[in-house]
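Accompanying notes for the structure given below.
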Amino acid sequence: MSKVNNRLKKRCLALLAVILVLGFGADIFRLFYFQVVKAEDYRVEAEAQQLSDTVISADRGVIYDANMNVLAESAAAWLVYINPSKIKDDAQVKMIAKGLSEILGDVEESTILKKMENRQINYVKIKDKISYNIKTAVVEFRSENELHEIIGINSDTKRYYPFGNFASTIIGMTNSDNNGRAGIELKYNDTLTGIPGRRIVARDANSGPMQSNYETKHDAEQGTSLVLTIDKSIQYYLEKGLSQAVKDNDAESAYGIVMDVNTGAILAMATMPDYNLNEPSVITDPELLAELDKITDEDEYDVAYNNAVFLSWRNKAISDTYEPGSVFKLFTAAAGIEEGVTSLDSTYNCVGAIQVADNRIHCHKHEGHGTQDLTTGLKNSCNPFFITIGQQLGTEKFYKYFEAFGFTGRTNIDLPAEASPVANVTYHSKENMGISQLSSSAFGQTFQVSAIQMITGVSAIANGGKLMEPYVVAKKLDQDGNTVYEKTPQVKRQVISESTSKTVLSMMEAVVADGTGRNAYIPGYRVAGKTGTSEKLTVDGEYIASFVGCAPADDPQIAVLIIIDEPQGAVHGGGAIAAPVAGAIIEQTLEYMNVEPVYSDEELAKLNATTPEVINMTVGGAKSTLKGQGFTARVIGNGDKVISQYPASGQSIPMNGVVVLYTEQGKTESSSSVPDLLGLSIGEANRRAVDAGYNIRISGASLDSEVVSYRQSIEEGTQANLGSTITVYFKTTSGVQDD
Amino acid sequence: MAYNSSEAYDFSLFEPQIIEYPVKKPQQSTKRDAKRPQNGKRVTSKKKTAPRKRTITREEAMGGSVSSKIKDFQTEVERDAKTTSFPEYGKKLLCFIVVCAILIVTYLVLNTKYDTLLNEISVVESEIQIQKGENVRLNAELSSMLSTDKVENYAENVLGMVKAENYQVSYIDLSEGDCVVVSGGKSADGGSELGGKIKELFAYIF
């Protein structure tokens, strides 16, 4: 009996043990599963339930120009959205659409109605990046109509570009996520992007926030700010010149660069037409819009519109390649002088063509330039002369300098989308450079370079032979304005000697003084340069006109490259259309940089004169005073005494200009119609202006006797006060053709 | 030690046992006892003597005269403690409770105030952010209105201004530093002249 009991007892105990082991084992297993295997998932789930985590967006860094003018800055903005699932009826829909459309301005009522069609969803964005005033108006509208559940407002940030189109292709813009999309904004996106902050608050049982003891806040850190090498004033001169060039020549586009030759810093860079950084997806060019409007198919129109928008964002100065034409002769000359195959004393007899293998290559002057030295050859931009120098150098040496000047690789400028040269596509590789390729390359044909490569190479010629690395970001600043990085100019290599550099510069100066670059001549300044005209390889019958210059020639500070793409009209040479633009930019830039002009006697004789003070004089006395100083008097009224004069004393007007004398009260101003002053010589334009009672200010190549006016600041037929000054632009079209 | 035993009874329990108890004499109070107030009088400690061990029987321990004295003494001490120390402890307890209550209330008030201030700071901070944004927007508007092209257009086309020519600008060489010229043909070195006059004045006086 006791044995049976014992056995039963043991079995019970065993069963109990099994139950306990299984029970606890399962628990331990579940515990292990939850605590170890699924720990991370449940932790995240618990945190999501218990914590409210809000991201505090960080402002992007500011972009400044070289003088700390703000070019791009971020600020708080707001986003308006609608929760259609809470809408009661159609009347409410209409009321919301109408009200918001009126407040937001540029959002159509129909667009809002369309967005509210789907009542199942609870979030539809109506407009982002709205300002404080508009947000306040939306809040008032929401309160007045008790639409708190339907209309919502979220915080947002907006990037402001104060100057709209200014330097748009360099600065670039951001997308709706506040990430860089082009230009500096894209290249330095990581630097400009700040570190977002976080606000973590514990939630109570009702999912409401608990008291602040349970709050953790990490403030957002503003991104690093950038100081560019771009100078606002020089950039303005460049943009103004390019914009006018596109207009004057009905060109497809124009682009240019101004570089500090000693450091490689980009002082200005622009492409025209450009776009408004505040509205990058809007085309404002009326001609382009008119062309697009011709497209009737809606889908086709959208595609064309988008393509046009993307094209306007393109920074052609670094992304496009072009045929350099005669500008490249500078590099052939530099290589030839450096290698000793040619010198300033070398002569060549141009007969108008040269035989290269099976081809006969013509000079742009078919009758030939005759015997000329190297400087004259460059002034005349003689093709056979430079073909000969190229052949004398041979493939090995020519390619050595082609590579050394940086034409076979990227310049590594700190901007996105730099064109990458490809051997045997954009240029001839050494292996494939036969006599024909060598000959054509020697005078700048059959290969392509980018504008940034070209100006970097020319800067090397100007600065004593050092190839610099171009850059646009000079400094990086932290959010307190402390400098955290400063760019040190990088010399890539010494390409040519200083003596060769000086020799080539002197030849370039002769080109501007008396060669194809005469339209870039500036009285008082020594400008060195070279013109270029080339036929586009990709489009038949279209040309690219260019001019590259540096100044002052005796101590170069800046280099300017102007490229006009597909100019229309009979005159399409670089010397005729690009050189005047470059000349104006160089003049304004040197003035701005306080480079003192030094005038020759010849220049001084042609300069304007300053008007004398003749108020309170008798009419006769005033007339004789003015005549004695070379001015013409024009009297308004019948009084005996001069009561006012126009222009006032101390104003600059050309020699033989007109001064209007007012002799009666009430007749202090008199206006007339501005005459047509285009297509005239300086003397003719001045005479016609004076006869009409106006003065002119001469701009452009004023020393050349063959100059002709091509633009006037006040258009013909405009009513203007007598005695006003009209700026008339002159250039020469003879002897500047170089293709 | 058991004389006789079975499983059911332990006869040793009925035998007299000798147990050793350390006996404290009530008169010989310890140092701690001396400090303890007894009937309002401080009991001074007498000569310290080591407690003497005495062997007593169980009967003595249970019902002897010494044990009854100890019992009496203990009862008396307890009675005294109940009647005399309760009000003082009560006051202290009350004080403690009041202090705690004050601390808790103060903590709650301060906490509420802290929360309120934090909220206010948060509101002000967000207001600053808004105003900063407005500042940026207005500055951007101002800059766009004062852009170089707009200023130049207005100056030339509305005000009729003309840019100065290069030759109208006079360049001054400042490489040798600025100097001040006193009008009236006097020396620029006014300081030494003044010093000379003062010296002359002192020479005249003395």
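The values are calculated or read from the model by the stated rules, or taken from the named source; none is laboratory data. If you're wondering where the values come from, they're calculated on a predicted model, not measured in any experiment. Counting neighbours? That spans all protein chains shown, and the Cβs are built from the backbone with ideal geometry, glycine included.
Observations
- The single condition among (1) modelled with pLDDT of 85 or more; (2) closer than 30 Å to A:Gln222 by Cβ; (3) within 14 Å of chain A (Cβ to nearest Cβ) that B:Leu110 does not meet is (2).
- Residue in region A:35-50 that is under 30 Å from A:Tyr123 (Cβ atoms), surrounded by 13 or more Cβ atoms within 10 Å (Cβ to Cβ), under 59 Å from the mean Cα position of the chain (by Cα) and in contact (Cβ under 8 Å) with a residue 12 or more places away in the chain present: yes
- Candidate set from region A:581-600 (those that are within 8 Å of chain B (Cβ to nearest Cβ) and in contact with a Gly (Cβ under 8 Å, 6 or more places away or on another chain)); member that is surrounded by the fewest Cβ atoms within 10 Å (Cβ to Cβ): A:Tyr599
- Test set (1) more than 24 Å from the chain's Cα centre (by Cα); (2) closer than 28 Å to A:Thr725 by Cβ; (3) in the same structural domain as A:Ser459 (by TED's automatic domain parsing); (4) in a helix (DSSP H, G or I) - A:Glu602 fails condition number: (3)
- A:Leu289 farther than 22 Å from A:Ile562 by Cβ, surrounded by 17 or more Cβ atoms within 10 Å (Cβ to Cβ) and of a type in the set (A, V, I, L, M, F, W, C): no
- For region A:216-270, a residue qualifies if it is closer than 30 Å to A:Gly197 by Cβ and in a strand (DSSP E or B), and the qualifying residues are A:Thr216, A:Lys217, A:His218, A:Glu221, A:Ser225, A:Leu226, A:Val227, A:Leu228.
- Residues that are surrounded by fewer than 21 Cβ atoms within 10 Å (Cβ to Cβ) number at least 2 in the following helices (runs of 4 or more DSSP H) confined to region A:382-484: A:383-404, A:435-442.
- The strands (runs of 3 or more DSSP E) found wholly in region A:491-555 and carrying at least 2 residues that are of a type in the set (A, V, I, L, M), closer than 22 Å to A:Ala245 by Cα and assigned by TED's automatic domain parsing to the domain that holds A:Thr375 occupy A:543-551.
- For region A:53-95, residues that are touching a Gly at 6+ places or on another chain (Cβ under 9 Å) and away from every other protein chain (no Cβ under 14 Å) total 5.
- With respect to the conditions (1) within 21 Å of B:Val136 (Cα to Cα); (2) touching a strand residue (DSSP E or B) at 6+ places or on another chain (Cβ under 8 Å); (3) surrounded by fewer than 24 Cβ atoms within 10 Å (Cβ to Cβ); (4) within 11 Å of another protein chain (Cβ to nearest Cβ), A:Phe163 lacks only one, and its number is (3).
- Complete set of residues in region A:683-696 that are outside any loop (DSSP other than H, G, I, E, B) and crowded, with 22+ Cβ neighbours inside 10 Å: A:Ala685, A:Asn686, A:Ala689, A:Asn695, A:Ile696
Yes/no matrix, rows are residues, columns are (1) surrounded by fewer than 24 Cβ atoms within 10 Å (Cβ to Cβ); (2) more than 23 Å from the chain's Cα centre (by Cα); (3) farther than 19 Å from A:Val707 by Cα; (4) more than 14 Å from every other protein chain (Cβ to nearest Cβ):
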site	(1), (2), (3), (4)
A:Ala520	no, no, no, yes
A:Val539	yes, yes, yes, yes
A:Ile544	no, no, yes, yes
A:Ile562	no, no, yes, yes
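Conditions tested, residue by residue: (1) over 20 Å from A:Gln453 (Cα atoms); (2) among the basic types (Lys, Arg); (3) modelled with pLDDT under 95.
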| position | (1), (2), (3) |
| --- | --- |
| A:Glu498 | yes, no, no |
| A:Ser534 | no, no, yes |
| A:Val539 | yes, no, yes |
| A:Glu542 | yes, no, yes |
| A:Gln557 | no, no, no |
| A:Gly569 | yes, no, yes |
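- Index of the failed condition, A:Glu613 passing every other in (1) over 19 Å from A:Ala692 (Cβ atoms); (2) surrounded by 14 or more Cβ atoms within 10 Å (Cβ to Cβ): (2)
- Of the residues making up region B:125-153, those that are farther than 24 Å from A:Asp59 by Cα and either outside any helix (DSSP H, G or I) or at the interface with another protein chain (Cβ under 9 Å from one of its Cβ atoms) (or both) number 5.
- Residues of region A:118-141 that are within 14 Å of another protein chain (Cβ to nearest Cβ) and either touching a Gly at 6+ places or on another chain (Cβ under 7 Å) or assigned to a helix (DSSP H, G or I) (or both): A:Tyr132, A:Asn133, A:Ile134, A:Lys135, A:Thr136, A:Val139.
- Region A:433-480, residues that are without any contact (Cβ under 8 Å) to a residue 60 or more places away in the chain and over 18 Å from A:Tyr401 (Cα atoms): A:Asp480
- Some residue of region A:181-196 being under 16 Å from A:Asp274 (Cα atoms), surrounded by fewer than 24 Cβ atoms within 10 Å (Cβ to Cβ) and away from chain B (no Cβ under 14 Å): yes
- Residue within region A:670-679 that is out of contact with any Cys (no Cβ under 6 Å at 6 or more places or on another chain), of a type in the set (A, V, I, L, M, F, W, C), over 30 Å from A:Tyr525 (Cα atoms) and within 14 Å of chain B (Cβ to nearest Cβ) present: yes
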